[in-house]
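Q: Have a look at the structure that comes next, please.
The values are calculated or read from the model by the stated rules, or taken from the named source; none is laboratory data. Keep in mind that this is a model prediction, so the values were computed, not measured. Glycine gets a Cβ as well: all are built from the backbone with ideal geometry, and neighbour counts include every protein chain shown. The area values use the complete protein model at the heavy-atom level, side chains included, leaving out ligands, DNA and RNA. Shrake-Rupley method; radii C 1.70, N 1.55, O 1.52, S 1.80 Å.
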Amino acid sequence: MPLLLAAAALVVLVLVSVLVMYNRFVRQRVLVDESWGQTDVELTRRHELIPNLVATVQGYAAHERTVLETLTAAREAARAHQGEDPKSRQGYEDALGGAVADVLVRAEAYPDLKASQNFLQLQDELTNTEDRIAAARRFYNGNVRAYNTRVQTFPSNVIAGMFHFEAREFFELRDQAARTAPSVDL
């Protein structure tokens with residue numbers, strides 16, 4: 001009888017452990033999804049600021065048409081891939097960030113544009129948005145790191161395999177030029 005009680009207690013302990021590990025996976029997966037949602041909000045904010053930037057710069061730097069067309073094309077490409085996973089979107093967002101930085105750098109050559117209140121406000125909004133994207137990316141990647149660590153370490157990797165919890169992709173900048181914030185010297 002004591003052996004049967006010990007076996008039953010062991011089974012209950014294992015079941016409770018499995019339940020606790022499963023619930024941790026679910027909480028972490030939800031946290032990863034939530035943090036990706038916040039990153040997506042910031043990326044969308046950047047997408048929405050681009051047409052205003054293009055319109056403002058066009059009035060002052062009409063002959064910089066190719067730069068503005070590149071920015072517009074990069075924005076459209078990034079928006080077209082909005083619903084995709086971080087790994088799929090990474091290249092498009094890198095291209096958009098680089099195009100924004102290029103427009104801001106080229107705008108330095110136009111004193112009237114640099115003095116325009118609309119441009120200054122847009123420049124400030126874009127700088128703030130880039131900072132928010134960086135913060136959201138760090139938060140997302142931190143949650144992915146914690147989740148992936150749990151997926152890959154013993155004994156939780158056994159539960160991850162049983163319930164098909166799979167590692168998630170990080171959202172990182174691959175373009176070295178996009179890793180540096182644009183200079184905004186006025």
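Q: Under the Kirkwood approximation applied to all pairs of distinct alpha-carbon atoms, what is the hydrodynamic radius of the chain in Å?
A: Numbers: mean 1/r = 0.0523 Å⁻¹.
By the Kirkwood definition, the hydrodynamic radius is 19.1 Å.
Q: Amide H of Arg168 versus every other amide H placed in the peptide plane: which residues, excluding those fewer than 5 positions away on the same chain, fall under 5 Å?
A: Asn148
Q: Heavy atoms only, probe 1.4 angstrom, no DNA, RNA or ligands counted: give me His81, His63, His47 ranked by accessible area, highest first. All intermediate terms of the calculation are to be shown ahead of the outcome.
A: Values: His81 40, His63 140, His47 0 Å².
Highest to lowest solvent-accessible surface, that is His63, His81, His47.
Q: For region 100-124 and region 15-50, compute the distance between their C-alpha centroids and round to whole Å.
A: Value for the Cα centre distance between the two parts: 35 Å.
Q: For the chain, with the dipole built from +1 on Lys and Arg beta-carbon atoms and -1 on Asp and Glu ones, taken about the Cα centre, which of Thr153, Val12, Ala99 lies farthest toward the positive end?
A: Checked the options; the winner is Val12.
Q: Now a separate question. Using heavy-atom solvent-accessible surface (probe 1.4 Å) with all chains present, what is the largest-first order of Lys114, Lys87?
A: On the way: Lys114 55, Lys87 120 Å².
Sorted descending by solvent-accessible area, the residues read Lys87, Lys114.
Q: Hey, rough spin-label estimate for Phe154 and Val41, points 7 angstrom out along Cα→Cβ, what's it come to in nanometres?
A: Simple spin-label model gives 4.1 nm for this pair.
Q: Give me the net charge for the shell around Gln152: Cβ to Cβ below 15 angstrom, other residues only, Lys and Arg +1, Asp and Glu -1.
A: Values: positive: Arg24, Arg29, Arg145, Arg150, Arg168; negative: Glu166, Glu169.
Value of the local net charge: +3.
Q: Please state the charge dipole magnitude for region 1-50, taken about the Cα centre, from unit charges on C-beta atoms (+1 on K and R, -1 on D and E), reported in debye and rounded to the nearest 20.
A: Values: 5 positive and 5 negative charges, 40 e Å.
Here the size comes out at about 200 debye.
Q: Taking just the alpha carbons, could you work out the radius of gyration and Dmax for region 69-117, both in angstroms?
A: When restricted to the Cα atoms of region 69-117, Rg and Dmax are 13.4, 41 Å.
Q: Additional query: Of Thr39, Thr56, which has the most accessible area with a 1.4 Å probe, and how do the rest follow in descending order? List each step's numbers first, then the result.
A: Details: Thr39 0, Thr56 25 Å².
Ranking Thr39, Thr56 by accessible area, largest first, yields Thr56, Thr39.
Q: Assuming 0.36 nm per residue, please report the length gained on full extension of the stretch Met162 to Leu13 beyond their Cα-Cα distance. Please report the intermediate quantities before stating the final value.
A: Values: separation 149, 0.36 × 149 = 53.64 nm, distance 1.78 nm.
Full extension of this stretch gives 51.9 nm more.
Q: Tell me the relative contact order for the chain as a rounded percent, counting alpha carbon contacts under 8 Å between residues six or more apart. Don't skip to the answer; put the middle values down first.
A: Details: 156 pairs, mean separation 57.8, N = 186.
So the answer I get is 31 percent.
Q: Right, another one. Would you mind counting up the charge near Tyr60? Only other residues with Cβ under 14 Å from its Cβ, with Lys and Arg at +1 and Asp and Glu at -1.
A: Details: positive: Arg65, Arg106, Lys114; negative: Glu64, Glu108, Asp112.
Around Tyr60, the surrounding residues sum to 0.
Q: 222 nm [θ] for the chain, helices only, -39500 (n - 2.57) per DSSP H run of 4+, per residue, to 500? Can you show the working numbers first?
A: Numbers: 6 runs with 145 residues, N = 186.
The per-residue figure over the chain is -27500 deg cm²/dmol.
Q: Using 0.36 nm per residue, how much length does the chain from Arg106 to Arg145 gain when fully extended, once their Cα-Cα distance is taken away?
A: On the way: separation 39, 0.36 × 39 = 14.04 nm, distance 3.74 nm.
The span from Arg106 to Arg145 would gain 10.3 nm if fully extended.
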